[in-house]
Amino acid sequence: QVQLVESGGGLVQPGGSLRLSCAPSGSIHSVDFMAWHRQAPGVLRELVASIRNDGSTDYNDSVKGRFTISRDKNTLYLQMNKMEPEDTAVYYCNFRQWSSGKFFWGQGTQVTVSS
């Protein structure tokens, strides 16, 4: 079964930048929606940003102007700038396959913002 694999997480100082990537482990088709979510300890998972096939994007208010979501075919990216300690969380990518209605998830990558 195809899985999503995230990379690019790590430790960064406040004000710094990281770029996350997410790619499927095998072939996947008919993806019409991709997104990044995050979950901090003791907090519900929240949607960070999403992108559709037409290129339209949506952002959580807390990251607008700092984060940018993009895609290149079936690879998803999240450029994170001006990072804040509140951005510390495990970040997950998520694809929706319109032909089956199935959602694919990655295992998550830890992002820590700390001095």
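Bear in mind that the values in this text are calculations on the coordinates, not laboratory data. The structure displayed is predicted, hence computed values, not measured ones. FYI the Cβ positions are ideal-geometry reconstructions off the backbone, even for glycines, and counts take in every protein chain you see.
Values for this structure:
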| read-out | value |
| --- | --- |
| Computed label-point distance, nm, for sites N53 and A40 using a 7 Å Cα→Cβ extension | 3.6 nm |
| Nearest-0.05 FRET efficiency for D32 and R66, computed from C-beta distance (R0 22 Å) | 0.25 |
